Amino acid sequence: MKKLITAFIFLLSLGSFAQDFENMDSEEIVTTAETETETVSFTPVATETFSITETFEEAANRHEIPHRTFSGISGTENGYYIISGVFSKEKTLNKTLKKLRKKGFDSAGYIVNPENDLNYVYLAYYPFGLEAVDAWASNLDDTYTDDKWILEIEDSVAIGGEEVDLNEEAESIENGIAPLEAVTETSDLSELEKIGAVEEAMEFEEIQTEVTTATVTNVVPETETILETEIEEEIELETKAPITNIAETADKTKLLQRADHYFDKMWYTEAADLYEQALEKGGKNRSKDVIQKTADSYYFNTNMEKAYEWYNVLYENYGKEMSSENIFKYAHSLKGTGKYARSKRLMRLYNKKMKDVPAIELANNVQENETALDNILNSKKDFEIKNLAVNTEYSDFSPMFLDSNQVVFSSAKDSSFFNTRRYKWNDQPYLDLYVAKVNEESNDLKNALKFSKKINTKYHEASVTFSPDNSTMYFTRNNYGKKLKRDDKGINHLKIYKSTKVDNEWTEAVEVSFNSDDYSTGHPALSPDGKQLYFVSDMPGSLGKTDIFVVDVTEDGSFTEPRNLGPTINTEQREMFPFFNGTKMYFSSDGFTGLGGLDVYESAYDAEEGFAEVKNLGQPVNSNKDDFSYIINEENQQGYFASNREGGKGDDDIYSFKRLMLEEVPENNNAIAGVVTEMVTGDIMPQALVQLLDENGIKLKEMTTEDDGSFIFEDLNDSTQYTLKTVEPKFIDNERLVTTTVNDTVKVDIAMKRLEEMIAIEDGIKKIKTEMIYFNFDKSSIRPDAAKELDKLVSVMKEFPTIVIKVESHTDSRGTKSYNEYLSDKRAKSTRDYIISQGIDANRIESATGYGENRLLNDCNGSLPCSEADHLLNRRSEFIILNM
């Protein structure tokens, strides 16, 4: 459905019916003093919520986010950079950047401040200040939990640069696209298309709305020989079609005028090519309008990779001017390319622009949506799916059961020996209906033949449904009589048609009564008893771009007034491809939380209560592309759906599926379980928070312990290392590495230590006892393992706010005595600076002194050979309590 679904949906949404239907390992980070940030607070943000009307300064101050501003930095774009460290040495800088990129921070870079010659390493860049605040508050979606702050660059290079290199930003743009003059020489164009390429006013609009409306998947043209009379008829239609933008854009080049003309007629394949040619020419062509229309052209054809490239260019250069609608499309293109974390952030901005709701309610909604997405990504994959042999290089979708051993579906197969008629939206043949037999053993479809000649025409036919006795069928077709019919904007909408079977032959189809020349209807779906007909439309009264409606089918074959299924099913976006089995409604939507593009959802139905809350079917039915036209035989839990996901044969492919029954689901007994207790007393700890983290420290699940202090995480991966993190106020955070075993439960009992238990007396001296604060050889920077221990010390000092300490730091015996004293002093002050950066008042640290090799813990004084581990014991910091 990559192109067809797009077409079908977009038209619907426009009035036609279609698809619009770490801790870093580096030990060389410059200390706080060196980075000139020693007075900055690193207090965590309590909430990620902010007002869309706030300035960056207001949001940062309210959340106590450390930030600074540099002006006039040559070669650096204005905007907001999340800084992870500051470096003076080039070798250290390069090493750090290399490590960051290995950890997935591909956009990491650095800014040179000429005033102090320091290099400021950034993890991410944002043109919006509020987005930077949001990213900081979420720890870049839990991918970076170390210290960071925001650097604002102003009065430097304009966002996008003085001359935005769009070719560099969108690397996939192809060079050397054929000029307009060469279009008529292209051998694979039909005669009509050649005429359209030469005569600007003669646009081949036939399919422009049909596709968008008809099938959210892909309304693809069928293959038919073009007769002379048909050509004459179409040219006549074309000359009557409105040419909306050419007169309005006299100041534009002819190339852009033609591109706009194609865009307005929804011929997005041609429009995208011409816009890219214009963008390559540079100058005034590189405007917000042109970039936006380039991105939109790919979005409406569901080419999410290209859409993402151009929305990204638009965002980076005109982010503050982007409409909520374009932010939504950008977020969806991010999902479509698997960039879920950034998509979440963009959807937060979209929600803030769209919804006038209290901040707390909005924050709750955002959290619910993100939790729902995480649940979908981690859901059980209890489907077995297969790509069917019947699929082609074109669009194949919208399967429907004809009887127990036949399925009817829509396809853009090209079976003509002559020139084929192609739909200009996506340059594919028109859609026809086909019927195929079901292989009972494999559930594959075979021996596909064209459906009745009475039904298939030279335009689009798709999305069919049959009455229980197979004597009546409903399907989607262009608004078509002797000629295509258009509204006053020149749009040819989609309509639902009805045909009855007489003497085993289908009769000429007639329109249903609730069609209109002013809006689209399509995707019909009968209830099992044939008494209700569900369908999709953008008619007046719709809640979003396309909604699902229902009418009653009376005994005489007439229909009641359409009823909108309401906000339980319909959203502000697109709902389509309904399938109702009497107890559940299945449909596709991009308005609920999903994996990207259209996802398939289900909603249980009760005659008294109506439709229940929708549920995403999860993977593998849903992907980050368009997934739609789902049908199922409830008796054997087998069925079909369509998708334009990666790995298919064409734009949209039909997949068979088998929903695995409980006994068929592969057994997974991988679990981690345990009990949380207090270390000293042994008392169980109910309601303690236990988190399950992956190997990168990203939270996968969390739960609170039961009344007996127990917890269990189930359905885990085989032989995989996880981290259990237990958190409880007034206790030290506990982290344990645990590796699962195949089909077994790993027992892990956790003993929590109270903060006051870190206070101990050794040799008459009261200290805060941490694990060893280790330093790398010849280094004074705080290691990740040391940071975790220092965080415990900080927690103790926050719990007991009158404690005053002094810091003592030590080295091993290697190196000269004077150098070791110098190095240990740097380590002591580095330790002090880290503690202060975590929110501890500097007055509570009386001194930070280095003692070099004067207080060794073992005999490694240089007179005997020692292992690295022995030397390591001597490189440490200690914390002496001077006042409680």
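The values are calculated or read from the model by the stated rules, or taken from the named source; none is laboratory data. No experiment lies behind these values; they were computed from the predicted model shown. Heads up, the Cβs are rebuilt from the backbone with ideal geometry, glycines too, and the neighbour counts pull from every protein chain shown.
Observations
- Annotation note: of N405, N391, the sole residue that is surrounded by fewer than 19 Cβ atoms within 10 Å (Cβ to Cβ) and at pLDDT 70 or above is N405.
- Top-ranked residue in the stretch 790-842 [being among the small types (G, A, S), part of a helix (DSSP H, G or I) and under 21 Å from S863 (Cβ atoms); ranked as nearest to the chain's Cα centre (by Cα)]: S824
- Scan of the stretch 560-585 for residues that are of a type in the set (S, T, N, Q) and outside any strand (DSSP E or B), ordered by number: T560, T568, N570, T571, Q573, N581, T583
- Number of positions in the stretch 102-130 that are over 26 Å from K701 (Cα atoms) and assigned to a helix (DSSP H, G or I): 2
- D859 being crowded, with 19+ Cβ neighbours inside 10 Å, in the same structural domain as A787 (by TED's automatic domain parsing) and not aromatic (F, W, Y): no
- Tallying residues that are among the hydroxyl-bearing types (S, T, Y) and at pLDDT below 90 within the stretch 739-794 yields 5.
- The stretch 696-727 - residue that is at pLDDT 90 or above and of a type in the set (G, A, S) and, of those, surrounded by the most Cβ atoms within 10 Å (Cβ to Cβ): G709
- Residue within the stretch 437-447 that is in contact with a strand residue (DSSP E or B) (Cβ under 9 Å, 6 or more places away or on another chain) and at pLDDT below 65 present: no
- Residues in the stretch 36-88 that are farther than 16 Å from Y126 by Cβ and either among the acidic types (D, E) or not assigned by TED's automatic domain parsing to the domain that holds S138 (or both) were compared, and the one that is modelled with the highest pLDDT is E64.
- Within the stretch 681-740, strands (runs of 3 or more DSSP E) holding 2 or more residues that are of a type in the set (V, I, T): 721-727, 734-739
- Residue that is surrounded by the fewest Cβ atoms within 10 Å (Cβ to Cβ), among those in the stretch 501-526 that are in a loop (DSSP other than H, G, I, E, B) and not polar (S, T, N, Q): D503
- Of the residues in the stretch 145-165, not one is under 27 Å from G338 (Cα atoms), crowded, with 18+ Cβ neighbours inside 10 Å and of a type in the set (S, T, Y).
- In the stretch 748-788, the residue that is farthest from E878 (Cα to Cα) out of those that are hydroxyl-bearing (S, T, Y) and in contact with a Leu (Cβ under 8 Å, 6 or more places away or on another chain) is S780.
- Among the residues listed as I750, I782, I761, the single one being exposed (fewer than 14 other Cβ atoms within 10 Å of the Cβ) and not polar (S, T, N, Q): I761
- Considering only residues in the stretch 527-559 that are under 28 Å from the mean Cα position of the chain (by Cα) and not in a loop (DSSP other than H, G, I, E, B), the one that is surrounded by the fewest Cβ atoms within 10 Å (Cβ to Cβ) turns out to be I548.
- Index of the failed condition, K265 passing every other in (1) surrounded by fewer than 24 Cβ atoms within 10 Å (Cβ to Cβ); (2) under 30 Å from D599 (Cβ atoms); (3) more than 29 Å from the chain's Cα centre (by Cα): (1)
- Each residue in the stretch 586-627 was checked for being small (G, A, S), crowded, with 18+ Cβ neighbours inside 10 Å and part of a strand (DSSP E or B), and 3 pass.
- Residue within the stretch 665-673 that is in a loop (DSSP other than H, G, I, E, B), at negative phi, in contact with a strand residue (DSSP E or B) (Cβ under 6 Å, 6 or more places away or on another chain) and not assigned by TED's automatic domain parsing to the domain that holds E789 present: no
- Filtering the stretch 584-609 to residues that are modelled with pLDDT of 90 or more, of a type in the set (G, A, S) and over 25 Å from the mean Cα position of the chain (by Cα) leaves only A604.
- Against the conditions (1) surrounded by 21 or more Cβ atoms within 10 Å (Cβ to Cβ); (2) closer than 16 Å to S781 by Cα, E853 satisfies every one except (2).
- Among the numbered conditions (1) touching a strand residue (DSSP E or B) at 6+ places or on another chain (Cβ under 8 Å); (2) modelled with pLDDT of 80 or more; (3) surrounded by fewer than 21 Cβ atoms within 10 Å (Cβ to Cβ), the only one that I376 does not meet is (2).
- Those residues of the stretch 560-571 which are within 31 Å of the chain's Cα centre (by Cα) and surrounded by 14 or more Cβ atoms within 10 Å (Cβ to Cβ), in sequence order: N564, L565, I569, N570, T571
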